[in-house]
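Taking it in order: structure first as structure tokens, then the write-up.
The values are calculated or read from the model by the stated rules, or taken from the named source; none is laboratory data. Here the structure is a predicted model, which is why all the values come from computation and not from measurement. Neighbour counts run over all protein chains shown; Cβ positions are idealised from the backbone, glycine included.
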Amino acid sequence: MRVQQEHRHDHRRLGRELDLFDTDPLMGAGLPYWLPDGAAVRHALEEYIRGVERRAGYQHVYSPVLGKRELYEISGHWSHYSEDMFPPMDLGGEQVVLRPSLCPHHALIYRSRARSYRELPLRMAELGGMYRSELSGVLGGLTRVRAIQLNDAHIFCTLDQVAEEARSALQLIRRAYVDLGIRPSRFRLSLPGPGGKYVAAPEMWRRATALLAEVLDSSGVEYEAAEGEAAFYGPKIDVQITDGAGREATLSTVQVDFHQPEQFDLHYIGPDGAKHRPVMVHRSIIGSVERAVAHLIETHGGAFPAWLAPTQLEILPVSDAELPVAADLLRRCLDLDLRARLATPDQGTLAARVRTARLVPYQAVIGPREAAADLVALRLRDGSRPDPLPTADALARITARIEARSGEL
Ligand SMILES: [Zn+2]
């Protein structure tokens, strides 16, 4: 488990050394699996995102990862995006495909009920699976995968609401970056370029681009326009990150789409009693969970903020005599929803166990004095060692820091 300095920034190496994720040739290239510690980080991240979205008025849905080929013909994916899609599967006379995006499913969910202007903006969110038939030569780690868990949402709204919804989405992204300790490398207004496959509707592109430029201008962020980076159905704001090797990638996006509401014939009943067409704002706060975790691993070198750490508190009894007290502390931690682990004396000397757990934010050493007095001697990851505290006070301090998603210990 020794983390070597020169490979600090390679999430693939860290992922294996820290037992976060791995791959198996029998599962296939680009199809990593998550080990318990990686799954704990991912779970904390997903819960965080769902909480942020709930508080911002999003409603969560689930939709299947498969759909009929016709669904993607209607959405336009089939004609504009099929080289990135897995081939269809024949199933009793019809063809189904692994979905390349969640938008068509959400459009159908929107369409499944009569909608009034009073329901808008309707913010529909899902952390859902999607698939991309990447060639095996480009696959690696968590950044280029064939099975993607996407933090996705679609806001169905009136034309008047688009700018405000897109602006709020951009704010959510920037707020999340602060909580996660991620620094955007730049903001990009992604436009269509020559030779790409784009929906042909010049007026629609002009309006959507003007809206996104207005959002960026009023948000006060510096950005660059880039041709050839738009989605096939519309322009987008991309939030770019850079990895340890200097490679840039898109993590978060906000997109304005007039195309799919048209394709799916979406409407809402306006105050005038007539049918109107909504606009779809597509947005993702952290993009794919895989890429987000890869970036978090590299950003923090495996030393995650306490609220994301796979193990938040390592319990270290000095000798077997303190085992019952240590086991009791573990129970109390689990009851508080803390991710705690007990490293027993048979796993090595105290110094060796402290070293093994050096990426764990909090270590609780329990010697004879602490055991007798219901005290905990905390060692923090940053090297500081506050005076021993009553156990309840130590746990209150830790849970408060975690609940605040504090970067400090
Ligand atoms: Zn979408």
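If only one of 119, 126 is in contact (Cβ under 8 Å) with a residue 60 or more places away in the chain and either more than 16 Å from the ligand (Cβ to nearest atom) or touching a helix residue (DSSP H, G or I) at 6+ places or on another chain (Cβ under 6 Å) (or both), which one is it?
119
Report yes if residue 285 is within 15 Å of residue 183 (Cβ to Cβ) and within 15 Å of the chain's Cα centre (by Cα), otherwise no.
No, not satisfied.
Conditions (1) surrounded by 15 or more Cβ atoms within 10 Å (Cβ to Cβ); (2) in contact with a Cys (Cβ under 8 Å, 6 or more places away or on another chain), marked per residue:
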site: 154; (1), (2): yes, yes
site: 172; (1), (2): yes, no
site: 177; (1), (2): yes, no
site: 191; (1), (2): yes, no
site: 194; (1), (2): no, no
site: 213; (1), (2): yes, no
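Filter the stretch 266-275 for residues that are within 19 Å of residue 108 (Cβ to Cβ) and away from the ligand (no atom under 16 Å from the Cβ) and give the result.
Once the filter is applied, which keeps residues that are within 19 Å of residue 108 (Cβ to Cβ) and away from the ligand (no atom under 16 Å from the Cβ), the stretch 266-275 yields 267, 268, 269, 275.
Checking residue 169 against (1) within 13 Å of the ligand (Cβ to nearest atom); (2) part of a helix (DSSP H, G or I); (3) in contact with a helix residue (DSSP H, G or I) (Cβ under 7 Å, 6 or more places away or on another chain); (4) under 19 Å from residue 237 (Cβ atoms), only one condition comes out false. Which one?
Result: residue 169 fails condition (3) only.
Given 30, 76, 15, which one is buried (at least 18 other Cβ atoms within 10 Å of the Cβ), closer than 25 Å to residue 341 by Cα and modelled with pLDDT under 95?
15
How many residues are within 16 Å of the ligand (Cβ to nearest atom), part of a loop (DSSP other than H, G, I, E, B) and at pLDDT below 95 if we restrict to the stretch 79-99?
So the answer is 2.
In the stretch 61-70, is there at least one residue being in a strand (DSSP E or B), surrounded by 14 or more Cβ atoms within 10 Å (Cβ to Cβ), within 13 Å of the ligand (Cβ to nearest atom) and at pLDDT 95 or above?
The answer is no, given that none of the residues of the stretch 61-70 is in a strand (DSSP E or B), surrounded by 14 or more Cβ atoms within 10 Å (Cβ to Cβ), within 13 Å of the ligand (Cβ to nearest atom) and at pLDDT 95 or above.
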